[in-house]
Each structure stands twice: as structure tokens, then as C-alpha cells.
Amino acid sequence: MIQLYIPLNFLGVLYREIKQSLTDLDKMFVLMDREREVADTPGAQPLALQGAPSVVFDHVSFAYEANRPILKDISFEIPAGKTVAVVGPSGSGKSTLARLMFRFYDVQQGAIRMAGQDIRAVTQASVRRALGIVPQDTVLFNDTVAYNIAYGRPGASQAEIEEAARAARIHDFIASTPQGYQTSVGERGLKLSGGEKQRVAIARTLLKDPPILVFDEATSALDSANERAIQAELASVAQNKTTLVIAHRLSTVVDAHEILVMEAGQILERGTHAQLLASQGRYAQMWALQQSGETS
Ligand code: ATP
């Protein structure tokens with residue numbers, strides 16, 4: 001009886017997964033720019049972690065296509081449990097840093113190390129398990145809100161899902177809909193605003209509880225109350241996690257351990273918010289511009 005039940009249940013899950021994968025997962029992988037797999041080295045072991053690890057980019061150079069370098073000799077460290085923020089113009093290579101951390105591609109020169117281990121030497125699956133991303137534009141599956149949140153940790157209980165939703169401040173909104181957590185979302189269901197979608201992504205990440213976090217800040221403008229609320233929620237998610245923030249608004253980066261100002265694949269300036277303001281360079285100009293934009 002048990003023997004029969006498990007395969008049937010498994011087939012049901014598999015069917016659902018395949019059905020999903022034909023539509024939503026494809027879209028997600030395209031969005032995440034996952035074009036080709038990198039292979040594990042024979043005998044690769046899982047990444048060994050005890051709590052949040054340090055993440056090091058050690059003289060990393062990378063190109064998607066030969067003769068078009070995208071990252072040029074990038075070195076920085078996110079100490080264990082700290083936040084490093086990256087700012088810079090569109091196309092300067094910020095998202096590429098995140099893609100390399102996920103090992104969607106291998107670096108061509110230098111190395112990326114997590115807790116001292118070169119990520120090319122460990123299994124890709126273990127690297128991805130250790131990372132959580134709150135992306136710019138969260139892809140929701142055509143399924144229930146509960147499924148979308150639990151995607152962060154398959155098998156999570158309803159109580160765990162609700163706890164994550166509460167922490168991401170989306171519970172009250174979900175509870176106010178007629179079908180609650182069973183409400184369908186996505187293309188064929190309830191349409192969520194940008195801020196609500198990001199909250200679902202935050203809840204998903206809270207459930208996954210990864211030691212390393214990448215937050216790709218939305219470029220699309222949220223209203224400022226919503227933006228401040230999301231920032232506060234993210235700050236609490238990022239506590240004690242090793243975090244890379246790809247920031248479009250400088251207000252997000254003020255408290256970062258280090259801010260990297262990128263331009264054309266290189267680090268133009270680096271330092272804390274106070275140091276960068278004092279050096280009166282590109283960051284200080286960007287800050288002055290954003291401040292005048294916010295007050296005008
Ligand atoms: P934005 O702020 O607009 O998101 P970004 O700083 O994150 O920009 P990246 O997405 O890292 O920039 O892109 C850096 C450069 O790499 C761009 O010139 C882009 O065209 C190029 N690029 C990105 N993905 C690929 C790819 N899959 N194949 C080839 N070139 C790519």
C-alpha cells in the first residue's frame with residue numbers, strides 16, 4: 001500500500017513540476033540568463049559551510065563572448081554576515097557579478113571563493129542551495145500564493161509559510177483575499193503589484209533561509225512609502241547573512257560595509273558611504289543628483 005502510494009504521489013508531483021517547467025520555469029531561466037550549464041569537476045564535494053561564509057572575488061575577469069570583456073580584474077570581499085553594495089550605470093556588469101556567484105558561468109581569470117573554497121571545485125547544486133536571490137522582477141508561478149512562497153523550501157508547512165509571509169509583511173494582504181493562501185496568482189490569477197511580488201520573493205527567501213543573499217533592487221519605481229518598507233524588510237532578512245546588493249537607489253546602500261562603484265566592468269571607486277562622499281568623486285556626484293531629485 002505504502003509502496004503504491006509513494007510512486008503515485010511522486011508522479012503527481014512530477015506531473016505538476018513538468019507542467020510548470022514547460023511554462024514558468026523556462027521563463028524564469030531565460031530571465032536569469034541561464035543559457036548554459038557549467039559542469040561539476042569529477043568528484044566535486046559539496047560546499048562546506050558553517051553559518052554565513054565570506055565571499056571573495058579574487059582578480060576576476062569574465063566575458064560572455066570572446067573579445068568583449070565584461071568584468072576586468074574585479075577584487076572584493078564580502079566578510080561573513082556583512083553587506084556589500086554595487087552601484088553603477090546600466091551595463092557596467094553588476095548583475096554579472098550575481099550570475100557568477102550562482103555559477104551560471106565560470107570566470108575566465110581569477111576565482112570566486114565562498115568560505116575559502118573555489119566555487120569551481122565544489123558542486124554547483126550546493127552553491128545554489130547556499131544562495132538566495134530577491135530578483136528585480138520576481139517571476140510568480142501560475143499557482144497559489146502558498147505554492148509560490150513554499151517554492152523557497154518545498155515541503156514547508158502552512159504555519160511556516162504564514163510565518164514567512166508575516167515577516168515579509170504580505171500576510172495581511174493575502175488573508176484579505178477571499179481564498180487566502182489558496183488564491184491563484186500570476187498570469188491567470190490575481191495580479192500583484194511590483195511591491196507585493198517582491199514581498200512574495202522576500203517570504204520565499206525567508207523560508208529558504210540561505211546563508212548568502214543577493215538582492216537585485218527593482219529599477220521600477222515603487223512609491224516611497226512602499227520602498228522604505230521593502231528596504232526595512234530586506235535589512236531584517238539580510239541580518240547575519242553575507243549579502244550582495246545591486247542597488248539602483250543610493251538610499252539602500254548607506255549602511256553597507258563597502259560600496260563598489262562600477263563602470264565598464266571595473267571598480268572605479270570603493271569605500272563606505274562616508275568615505276565616498278568625502279572623496280568627492282563619482283559616488284558623491286550620484287548622491288547629490290539623487291538627493292536633488294528626491295527634493296525637487
Ligand atoms: P543593469 O543595471 O541595466 O541591470 P548591469 O550593470 O547589471 O546593468 P549586466 O547585466 O551585468 O549589467 O551586463 C553587463 C554587460 O554584459 C552588458 O553590456 C550586457 O549587454 C552584457 N551581457 C549581459 N548578459 C549577457 C549575455 N548573456 N550574453 C552576452 N552579453 C551579455
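Throughout, read-outs are computed from the coordinates displayed, never taken from laboratory work. Treat the numbers as computed from the prediction; the structure is a model and nothing was measured. Every residue, glycine as well, gets a Cβ built from its backbone with ideal geometry; the counts of neighbours run over all protein chains shown.
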- Query: Once label points are set 7 Å from the Cα along Cα→Cβ at both residue 159 and residue 59, what is their separation, rounded to one decimal in nm?
  - Reply: 5.3 nm
- Message: For a protection proxy built on the mean count of beta-carbon atoms within 10 angstrom, sort 41-52, 116-127, 144-155 highest first, please.
- Response: 144-155, 116-127, 41-52
- Message: Considering only C-alpha atoms, what is the centroid distance from the stretch 149-213 to the stretch 234-296, in Å?
- Response: 29 Å
- Note on the structure: For the stretch 78-88, Karplus-derived ³J(HN,Hα) couplings (6.51, -1.76, 1.60; θ = phi - 60°; whole Hz; x for glycine and proline) come out as 9, x, 3, x, 9, 10, 10, 10, 10, 10, x
- Task: Read phi for every residue in the stretch 270-278 and hand back ³J(HN,Hα) as whole Hz from Karplus 6.51 cos²θ - 1.76 cosθ + 1.60, θ = phi - 60°, with x for Gly and Pro.
- Result: 8, x, 7, 4, 5, 4, 5, 5, 5
- Query: So for the pair residue 41, residue 66, with labels modelled 7 Å out along Cα→Cβ, what separation do we get in nm?
  - Reply: 2.5 nm
- When you count, for each residue, the other Cβ atoms within 10 Å and take the mean per peptide, how do 161-172, 182-193 rank with the highest first? 161-172, 182-193
- Message: What is the sum of charges, Lys and Arg at +1 and Asp and Glu at -1, for the other residues whose Cβ falls under 13 Å from the Cβ of residue 160?
- Response: +1
- Item | Violating pairs (Cα-Cα greater than 24 angstrom) within the set 72/241; 94/197; 94/191; 191/241; 82/191 | 72/241; 94/191; 191/241; 82/191
- Message: Under a crude label model (7 Å from the Cα following the beta-carbon direction), how far is residue 239 from residue 289 in nanometres?
- Response: 3.5 nm
- Rounded to 5, percent antiparallel among DSSP beta bridges of the stretch 180-296: 45 percent
